[in-house]
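We did not get these values from a lab; they are worked out from the coordinates using the rules stated. Just so we're clear, the structure is a prediction, and the values are computed from it rather than from any experiment. Neighbour counts are summed over all protein chains in view; Cβ atoms, including those assigned to glycine, are modelled from backbone coordinates with ideal geometry.
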Amino acid sequence: MSKQSARAVAWGALKYWDVRGGHLSDVLSRALTGIDMAPNDRRMCQELVFGVVRWQRWLDHVAAGYMTKKPGLPLRNLIRLGAYQLLFMDAAMPVHAAVHETVGVAREVGLGRLSGVTNAVLRKIAASVEDWSNRRRSLETTDPGLALSHPDLLVDRWRSWMPEDRVLALMRANNESAAVFLRINTLRVAPEEAHAALLGEGIPFEGFGRHALVIRLGRGFGVLEDLPGFFDGWFYVQDPSTLEPVDVLDPRPGEKVLDLCSAPGGKTTYMAQMMEDRGEIVAVDVDARRLDRLRQNCERLGVNCVQPLLWDPHADALTDLLDEQRFDAVLVDVPCSNTGVIRRRPEVRWRLEASSWDDLEQTQTRLLQLAADQVRPGGRLVYSTCSVEWEENQGRVEAFLRKQARWRKMDSKLVSGWENGHDSGFYCCLNRD
């Protein structure tokens with residue numbers, strides 16, 4: 001195990017992500033591998049990485065006021081790192097520590113030549129923190145993309161179908177830290193027993209009133225794997241927004257259910273829980289590694305009714321893979337833009353382009369039709385996303401129904417998580433005549 005400061009690891013993760021992209025949580029996990037770091041420092045490292053990526057447009061705007069030319073990648077991430085501490089962690093981070101320790105990162109990572117300019121820029125920002133905060137607040141209504149650090153592409157899209165106050169509420173929520181929610185797995189433990197065990201260990205948590213099986217962990221809960229009963233399958237980390245599509249599908253004990261795009265298994269194992277692990281769930285996915293995670297999750301949670309199935313869409317027709325079976329209920333949680341989970345995955349906002357939705361339209365339309373083809377007469381189909389985009393949600397379902405005489409829309413909802421402190425998404429339940 002090697003020793004590195006939390007700020008130096010954060011700088012390395014940010015530099016890696018800037019060059020290679022990817023899921024920010026995976027990038028951070030990779031950066032922390034083999035590093036000997038106390039839990040509090042790990043939490044600080046995560047706060048720095050996720051915070052800088054959330055606010056990078058505003059941070060770059062502030063820094064540009066004190067620099068004569070655009071900085072190179074190493075310096076840019078040093079300045080972002082220090083500016084984030086000064087502008088958004090001021091209550092917990094003394095000014096001298098933010099400046100001094102960030103300058104120290106330059107030396108720690110072998111970039112001592114950048115310590116002078118880093119020090120100069122950060123000291124100028126530190127002298128104007130209140131002024132920058134006031135400027136940002138004043139810009140929220142006139143230039144929300146800059147003030148709330150989102151690309152104008154997304155702001156313009158959301159303004160095209162949402163009122164301005166909802167757009168601003170969504171953007172503000174996207175810049176908050178995501179809470180950690182647990183689903184209590186009643187195949188392993190009763191909710192009362194789970195609550196008592198957490199209370200007995202002094203774990204901070206609260207019930208989530210909109211769903212009886214969900215609890216929200218408080219700050220300082222420690223390490224997930226150390227929670228009582230975690231390895232025994234009492235809990236699954238799962239946002240409440242992902243439970244609603246399963247609730248409306250209403251899988252019942254003894255039914256035959258298909259979960260298309262199933263890995264890593266959050267919705268799959270919740271369906272098994274609702275079915276009391278009786279019946280059959282065929283869990284299909286195209287990613288072998290993620291399907292292995294589904295198997296591991298099923299084992300930990302005590303789920304036995306799931307049959308994982310790897311599908312190569314380039315080689316196998318889905319109906320052939322399924323032996324032309326028909327199902328009582330089908331869930332298709334399609335690949336999407338992920339704009340409903342930007343709070344949890346802040347990097348999403350920066351990877352989307354105008355052309356992103358062209359490819360998604362083809363994929364989502366094809367998967368919805370494939371899912372519909374597997375439903376028996378009288379059966380149920382739920383289409384879901386973790387997107388807030390109209391054309392991926394209501395628009396996709398309406399286009400499907402215009403071509404399908406045998407299907408009726410029973411229920412649909414845009415899950416506006418920005419109003420309730422969790423992720424957002426969409427579902428629509430359809431019945432086949």
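Taking segment 4-78 and the helices (runs of 4 or more DSSP H) fully enclosed by it, the elements with 2 or more residues that are closer than 21 Å to Ser128 by Cβ and more than 20 Å from the chain's Cα centre (by Cα) are at 39-64. For segment 370-427, the set of residues classified as within 12 Å of Gly340 (Cβ to Cβ) and among the aliphatic types (A, V, I, L, M) consists of Val388, Leu414, Val415, listed by residue number.
Each residue in segment 335-367 was checked for being under 20 Å from Trp55 (Cβ atoms) and among the aliphatic types (A, V, I, L, M), and 4 pass. Put simply, of Arg402, Arg406, Arg396, Arg376 the only residue that is of a type in the set (Lys, Arg) and under 30 Å from Arg345 (Cβ atoms) is Arg396.
Looking at segment 98-154, the helices (runs of 4 or more DSSP H) lying wholly inside it that each contain 3 or more residues that are within 15 Å of Met171 (Cα to Cα) sit at 129-139, 144-147. State whether one or more residues within segment 142-161 are under 26 Å from the mean Cα position of the chain (by Cα) and farther than 24 Å from Val53 by Cβ. Yes; the residues of segment 142-161 include at least one that is under 26 Å from the mean Cα position of the chain (by Cα) and farther than 24 Å from Val53 by Cβ. Exactly one residue out of Asp259, Asp285 is crowded, with 22+ Cβ neighbours inside 10 Å, charged (D, E, K, R) and touching a residue at least 60 places away in the same chain (Cβ under 8 Å): that is Asp259.
Checking the structure you have, find out if any residue of segment 91-103 is surrounded by 20 or more Cβ atoms within 10 Å (Cβ to Cβ) and in contact (Cβ under 8 Å) with a residue 40 or more places away in the chain. Yes - at least one qualifying residue is present in segment 91-103.
So, Trp390, is that one of a type outside the set (Ser, Thr, Tyr), closer than 16 Å to Arg157 by Cα and touching a Phe, Trp or Tyr at 6+ places or on another chain (Cβ under 7 Å) or not? Yes, satisfied. The single residue among Glu353, Glu391 that is among the acidic types (Asp, Glu) and surrounded by 15 or more Cβ atoms within 10 Å (Cβ to Cβ) turns out to be Glu391.
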